[in-house]
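Reading through the structure tokens given below for one structure.
The values are calculated or read from the model by the stated rules, or taken from the named source; none is laboratory data. Values in this document were obtained by computation on a predicted structure and should not be read as measured data. Ideal geometry is used to build each Cβ from the backbone, glycine not excepted, and the neighbour counts take in all protein chains shown. Heads up: the accessible areas ignore ligands, DNA and RNA and are worked out on the full protein's heavy atoms, side chains in. Shrake-Rupley method; radii C 1.70, N 1.55, O 1.52, S 1.80 Å.
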Amino acid sequence: DAGERLVRAARPDVAALGAAIPAKLEIWITPPGYTGLAPVFPKIAASEDRTLTVPTGSALSAQVSGGRGRSDLIIGTTRQAFEAVDDNNSRARVALDRSGTIAVEQGGRKLGSWSVTVNPDSPPTIEFEPEPTATERGTLRVSFVATDDYGLESVVLEMRRTYEKGDIVGNEVLELPLPLPSVNPKQAKETSYHDFAPHA
């Protein structure tokens, strides 16, 4: 339709220029990188609240194109104005650190609203199971159970000893990486063996 498009470019519809372009809202939530979760694209409905669950520290981004009036991002009782990108587009970005309601309005008209539950990041847990012990061959047997809600990156065994040589008191720290069953597992139960016989 190149010919028709050229005609429209040469003879624009002046009557239509006064009409406002309908507002279009785009919104997405990007979880923190350590979670390994994909961005969330909430469904947009101005007439009803929708429920979302995201990890703490997620970044909410929104863009409004067209329409008339100022665009605002409302989180709970806090109102934040969108920043203009150009004459037709404006954007807003905020980190989500607490649960509540989120809404986007333009000129007092609601474009979309959501109820957001922000899940806290629980610290990883780890414990020996059972306690480290020597084997019959004189090696150290280390068994552990570890968990993390978004995946374990690494597990390290740290051994410390204090020694005295005459007037010298020293502290030695030895760190040993322990095995994980896969990349970023949420739960790990592993056993490893370590030979310290060559150690002075």
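Based on Cα positions only, what radius of gyration and what Dmax would you give for the chain, in angstroms?
Here Rg and the maximum Cα pair distance are 29.0, 97 Å.
Taking only C-alpha pairs under 8 Å that are 6+ residues apart, what is the relative contact order of the chain in percent? Can you show the working numbers first?
Details: 380 pairs, mean separation 31.1, N = 200.
So the answer I get is 16 percent.
Hand me the GluC sites (Glu not before Pro) from the stretch 65-143 located in a DSSP loop with no more than 14 other Cβ atoms within 10 Å, in residue order please. Spell out each step's value before the answer.
Details: sites: E83, E105, E127, E136; in loops: E136.
Passing sites in the stretch 65-143 are E136.
Expressed in nm to one decimal, what extension gain is obtained for the pair T56 and E4 from 0.36 nm per residue of sequence separation less their Cα-Cα distance?
Extra length available between T56 and E4 comes to 13.6 nm.
What percentage of the solvent-accessible surface of the chain, computed with a 1.4 Å probe over protein heavy atoms, is contributed by carbon and sulfur atoms?
51 percent
Which one of Y34, V183, V118 is farthest out on the positive end of the charge dipole of the chain, using unit charges on Cβ (Lys, Arg +1; Asp, Glu -1) and the Cα centre as origin?
V118
Solvent-accessible area of F41, probe 1.4 Å, all protein chains present, reported in Å² to the nearest ten, please.
Result for F41: roughly 150 Å² accessible.
Taking only protein heavy atoms and a 1.4 Å probe, what accessible area per residue, in Å², does the chain have with all protein chains in place?
68 Å²
Using Cα positions and a limit of under 15 Å, work out the aspartates and glutamates in reach of K43, with same-chain residues fewer than 8 apart set aside.
Partners found: E26.
Can you compute the charge dipole magnitude of the chain about its Cα centre, using +1 on each Lys and Arg Cβ and -1 on each Asp and Glu Cβ, nothing else charged? Give it in debye, rounded to the nearest 20.
With Lys and Arg at +1 and Asp and Glu at -1, about 1140 debye.
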